[in-house]
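Visitor: Here's a structure for you.
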Amino acid sequence: MIQVKAPGKLYIAGEYAVTEPGYKSVLIAVDRFVTASIEDTTSLATQGTIHSKTLHHEPVTFQRREDKIAVSDLHAAKQLKYVITAIEVFEQYVRSNDISLKHFNLTIDSNLDDASGHKYGLGSSAAVLVSVIKALNEFYDMQLSNLYIYKLAVIANMKLQSLSSCGDIAVSVYTGWLAYSTFDHEWVMQQIEDTSVNEVLNKNWPGLHIEPLQAPENMEVLIGWTGSPASSHHLVSEVKRLKADPTFYGKFLEQSHTCVEKLIHAFKTNHIKGVQQMIRHNRKIIQQMDNEATIDIETPHLKTLCEIAEKHGGAAKTSGAGGGDCGISIINSDSNKKHIYKEWKSHEVIPLEFNVYHGQ
């Protein structure tokens, strides 16, 4: 049996601007995972199985109908749409390389949510896509690069939805700390429609930037969870309306770009104080946009999280779309994080003692 895992993610800086091609963000992979296990069926089998431990109790069978995966349970098919689409995209690539398809049993498990099923906002759909692509890559012994695994997961994602920047996919593949800017979505979508999967993978995608970073020495990320989920799709849609005011939106993009470039420079020069300064600056940029869009990115709960961390010397901000989910604080590991955790708890912010995940 082959077993692979794909980590969840958190955004550190550059949120919202990252939805535009060429505007960078910084993310981390965290040590919570979607795990995919895959094994060959018997040589006589005419079907395979998909078993999602987080969605159903029983495996469902699947067969291939032309280039589609047909699942025995229609209700399960809806719940398994990310798994099914990832398989379909990968198998298009396999067929284009004149490799015979095989039947398999695939099992998906996850610890990206809390024990009662509440979402932390760690990007579970991205990790599902990546884990399935990675498992199939090993199963067929394709030996694909990280870039190709990323691109195949993105193609699957774009067949399902189009608003995502796909930064969560990138960091789930590359792990660790990552600087990322998204690609020209319209160009890639056109390529998907007009050419083969092979050709789409081989081309340079305009705007795409994926760069692993090394964190400054003695720097730590603290993560606080508000316990309330955010609707990233809704928040990003609302912010997109700001494009109607190109002066404001253009200024926001430029400010975010400058801030994140300085943040990346602070990483490369091993400068914690520079990182903290840019985290605080990025918070202000997002607050300005929040005021303009009136969508409550920094909820009262997240504001409390940030203020507590700042009081104890951390540089804090919302993570991702905001509106709930998590906030982060960058501290020097010499700082006493117990004080932050204790005060967070007293204000109903749950410390998530996750670590940055640096690959298997």
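Visitor: Where a ≥ b ≥ c are the square roots of the eigenvalues of the C-alpha gyration tensor, would you call the range 215-352 rounded, which needs a/c under 1.5, or, failing that, prolate if a/b is larger than b/c, or oblate? All intermediate terms of the calculation are to be shown ahead of the outcome.
Guide: Numbers: a/c = 2.53, a/b = 1.26, b/c = 2.01.
Oblate shape, in that a/c is at least 1.5 and b/c is the bigger or equal ratio.
Visitor: ³J(HN,Hα) across the range 315-330 via Karplus (A = 6.51, B = -1.76, C = 1.60, θ = phi - 60°), whole Hz, x for Gly/Pro?
Guide: Result, rounded to whole Hz: 9, 10, 6, 5, 10, x, 6, x, x, x, 6, 10, x, 10, 9, 9.
Visitor: Output the direction-averaged projected area (hull surface divided by four) of the convex hull of the alpha-carbon atoms of the chain, in nm².
Guide: Details: hull surface 72.1 nm².
The orientation-averaged projected area of the Cα hull of the chain comes to 18.0 nm².
Visitor: What net charge do the residues around residue 95 carry, taking every other residue with its C-beta under 15 Å from that of residue 95, with Lys and Arg at +1 and Asp and Glu at -1? If you can, show how the numbers build up before the last one.
Guide: On the way: positive: 64, 65, 68, 102; negative: 66, 67, 88, 91, 98, 199.
Combined, the nearby Lys, Arg, Asp and Glu give -2.
Visitor: Also: Go through 24/268; 53/78; 151/203; 9/119 and tell me which ones have a Cα-Cα distance over 18 Å in this structure.
Guide: Working: 24/268 15 Å; 53/78 15 Å; 151/203 10 Å; 9/119 12 Å.
Listed pairs above 18 Å: none.
Visitor: Expressed as a whole percent, how much of the Cα-Cα distance distribution for the range 103-243 exceeds 17 Å? Don't jump to the answer; show the numbers that get you there.
Guide: Values: 6735 of 9870 pairs.
Within the range 103-243, distances greater than 17 Å cover 68 percent of Cα pairs.
Visitor: Gap in Å between the Cα centre of the range 219-263 and the Cα centre of the range 23-47?
Guide: Between the Cα centre of the range 23-47 and that of the range 219-263, the gap is 29 Å.
Visitor: Under 14 Å from the Cβ of residue 69, count the other residues' Cβ atoms, weight Lys and Arg +1, Asp and Glu -1, and hand me the total. Provide the component values of the computation, followed by the final result.
Guide: Values: positive: 64, 65, 68, 78, 81, 95, 102, 159; negative: 66, 67, 73, 88, 91.
Around residue 69, the surrounding residues sum to +3.
Visitor: Within a 10 angstrom radius of the beta carbon, how do 260, 171 rank from fewest other beta carbons to most?
Guide: Values: 260 26, 171 33.
So the ranking, lowest neighbour count to highest, is 260, 171.
Bear in mind these aren't lab numbers, they're just calculated from the coordinates by the rules spelled out. Here the structure is a predicted model, which is why all the values come from computation and not from measurement. Note: ideal-geometry Cβ built from the backbone for every residue, glycine included; neighbour counts use all protein chains shown.
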